[in-house]
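Let me begin by presenting the structure, written as structure tokens, before commenting on it.
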Amino acid sequence: MRISVVGLGKLGTPWLAVLASRGIDVVGVDRIPGHVAAILNRRTPISEPGLQSLLSEATGRIEATSDIKAAVSASDVTFVVVPTPSGADGTFSNLHVISAIREIGAALRGKTDYHLVVITSTVMPGSTSGPIRQALEGSSGRAVGVDLGLCYNPEFIALGSVIRDMLRPDFVLIGESDGRAGDLLASIYERVCENRPQIRRMNWVNAEITKLTVNSFVTAKISFANMISDLCDRLPGADAGTVLNAVGSDSRIGGKYLAPALGYGGPCFPRDNAAFTTMARNVGARADIAEATDAVNRQQVGRVVALVRSLLLRGSVGILGLSYKPDTAVVEESQGVTIASQLANEGYRVLAYDPQALDAAKSVLGSQVEVLEDAEACVKAADLLIVATAWPSFKNIAPQAFHRTTGRLIVIDCWRMLPVSEFTNLVDLVYLGRSSEQDIELLPAVARA
Ligand SMILES: NC(=O)c1ccc[n+]([C@@H]2O[C@H](COP(=O)([O-])OP(=O)(O)OC[C@H]3O[C@@H](n4cnc5c(N)ncnc54)[C@H](O)[C@@H]3O)[C@@H](O)[C@H]2O)c1
């Protein structure tokens, strides 16, 4: 079996490499010549932990081209992993998917043997049975379900752990045109996955709804935790960390994603939840929980900015972490970036450091923020510090960098990650969701204001 993967971006390239690493011959396709050239040279066109070593090891099994027709003609299965950008109303555009499908269909006109087309891109419910099927049948001249399979098969991955998430998924979601198509796709996952995940097979629309529902539910959990966090901020003696740890011990609830921290960001959670809301509204259903989830999420940056305002009248705020999560350079919908921007607008001097996302953050924040090339310099220059992304390397910053000759540095540790034993004697640690029973001493910068 040979598999083609159309779209060699943040998801497509790891998928190509993972398939090859499990002994499958693959051919990747992208419109961007640089991505194709990178794959041909066994270099990764995108940054993702573990990806480069998979590409280097899979020599001989990976091809790449910008010619969809050639790739489809030479393969049995084609995955479509192209962007589906969100429109102003929150729905995903099928423009790139349809364009790719038309080219795939044209290639299939000249191919007589069975072919399976798999949509990995996130699409709105109704897309696979509607415009995608129509485009595939129209361009190929073949009927889906006879000698042509069509599946919707989104991935549940997080940037920074894409390879691990692909190799060891909690479950595999397959929306299938028919049993033959679903059997073939399931057999690929049985070969690729290192664990034995549940494979949930269903019709297209159920799979499309399931994908959005998973992300909408997870974001609801995050916002629920942040709602408790806001409550505990205001109740003397309360700590949302203690409360939510206990709540998460209930097996009906579970502890994952139940932490008092910043809101969610990145290229998937915010837009999937917004799409869920629009999907519901479009059919006359209500999506009150998804809407509240989004509203609570939007309040989280304001909570941190208000906290800074209450602790430091003016001066320098250091921000550790600008990527939307650790192990990625992506800053889309990053809470750290939004906090930096709002504090700069309020007149603070904002200094920031991130292990990978400085270039991306600079392109968004411009001159609003001074980016520093190392974490220690950021800590040393700050009058108040915010840990905005839980990069593990922040735990290794030398404690001396936090030491102040006058007063103590205030650290808003949004992820409660700095080792308390080393830091409580050195800095004033402020946690989201924990009421302060004692006033924190003002910083010298405040006292001078
Ligand atoms: N990135 C994530 O965390 C993530 C997670 C889950 C789902 N998804 C979904 O996966 C899809 C792809 O996301 P991504 O992050 O990999 O996007 P991306 O922008 O990183 O990569 C997409 C690639 O597709 C290429 N492309 C576009 N049209 C093409 C065409 N007609 N032929 C060949 N190549 C084409 C682009 O040049 C680009 O390299 C989206 O629908 C997204 O919602 C992404």
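From the residues in segment 403-426 that are of a type in the set (Val, Ile, Thr) and surrounded by fewer than 13 Cβ atoms within 10 Å (Cβ to Cβ), which one is farthest from residue 233 (Cα to Cα)? Reasoning before the result, please.
To start, the set of residues in segment 403-426 that are of a type in the set (Val, Ile, Thr) comprises 405-406, 410-412, 420, 424.
When the remaining residues are screened for being surrounded by fewer than 13 Cβ atoms within 10 Å (Cβ to Cβ), the result is 405-406, 420, 424.
Values: 405: 30, 406: 28, 420: 19, 424: 19 Å.
Among them, the one singled out is 405.
Yes/no per residue for (1) of a type in the set (Phe, Trp, Tyr); (2) within 18 Å of residue 211 (Cβ to Cβ); (3) surrounded by fewer than 19 Cβ atoms within 10 Å (Cβ to Cβ):
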site	(1), (2), (3)
80	no, yes, no
86	no, yes, yes
93	no, yes, yes
99	no, no, yes
108	no, no, no
114	yes, no, yes
121	no, yes, no
124	no, yes, no
149	no, no, no
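When you scan segment 139-242 for helices (runs of 4 or more DSSP H) that lie fully inside it, which ones turn up with 1 or more residues that are hydroxyl-bearing (Ser, Thr, Tyr), away from the ligand (no atom under 15 Å from the Cβ) and within 23 Å of residue 128 (Cα to Cα)? Give the derivation first.
Working: elements: 162-167, 179-192, 204-233.
Counting at least 1 such residues, we get 179-192.
Would it be correct to say that residue 400 is surrounded by 17 or more Cβ atoms within 10 Å (Cβ to Cβ) and either more than 16 Å from the ligand (Cβ to nearest atom) or modelled with pLDDT of 95 or more (or both)?
no
Quick one: residue 79 ticks every box in (1) in contact with a Lys or Arg (Cβ under 9 Å, 6 or more places away or on another chain); (2) not in a loop (DSSP other than H, G, I, E, B) except a single one, so which number is it?
(1)
Residue 111 - would you say it is of a type in the set (Lys, Arg) and either closer than 13 Å to residue 5 by Cβ or in a helix (DSSP H, G or I) (or both)?
When the stated conditions are applied, residue 111 does not pass them.
In segment 91-109, is there at least one residue being more than 10 Å from the ligand (Cβ to nearest atom) and in contact with a Cys (Cβ under 9 Å, 6 or more places away or on another chain)?
No, the conditions are met nowhere in segment 91-109.
Could you list all residues from segment 1-56 that are part of a strand (DSSP E or B) and either near the ligand (Cβ under 9 Å from one of its atoms) or of a type outside the set (D, E, K, R) (or both)?
The answer is 3, 4, 5, 6, 26, 27, 28, 29.
When you go through (1) touching a strand residue (DSSP E or B) at 6+ places or on another chain (Cβ under 9 Å); (2) within 10 Å of the ligand (Cβ to nearest atom); (3) of a type in the set (Asp, Glu) one by one for residue 76, which number turns out not to apply?
(2)
Considering each residue of segment 243-273, count those that are among the small types (Gly, Ala, Ser), surrounded by fewer than 19 Cβ atoms within 10 Å (Cβ to Cβ) and not in a helix (DSSP H, G or I), and give that number.
The total comes to 4.
With touching a residue at least 12 places away in the same chain (Cβ under 8 Å), within 22 Å of residue 418 (Cβ to Cβ) and surrounded by fewer than 20 Cβ atoms within 10 Å (Cβ to Cβ) as the only criterion, which of 374, 354, 383 stands out? First the steps, then the outcome.
Numbers: 354 fails: surrounded by fewer than 20 Cβ atoms within 10 Å (Cβ to Cβ); 383 fails: surrounded by fewer than 20 Cβ atoms within 10 Å (Cβ to Cβ).
Answer to the check: 374.
Residue 67 passes all but one of (1) farther than 23 Å from residue 180 by Cα; (2) surrounded by fewer than 21 Cβ atoms within 10 Å (Cβ to Cβ); (3) touching a helix residue (DSSP H, G or I) at 6+ places or on another chain (Cβ under 6 Å); which number fails?
Every condition holds for residue 67 apart from (3).
The values are calculated or read from the model by the stated rules, or taken from the named source; none is laboratory data. Treat the numbers as computed from the prediction; the structure is a model and nothing was measured. FYI the Cβ positions are ideal-geometry reconstructions off the backbone, even for glycines, and counts take in every protein chain you see.
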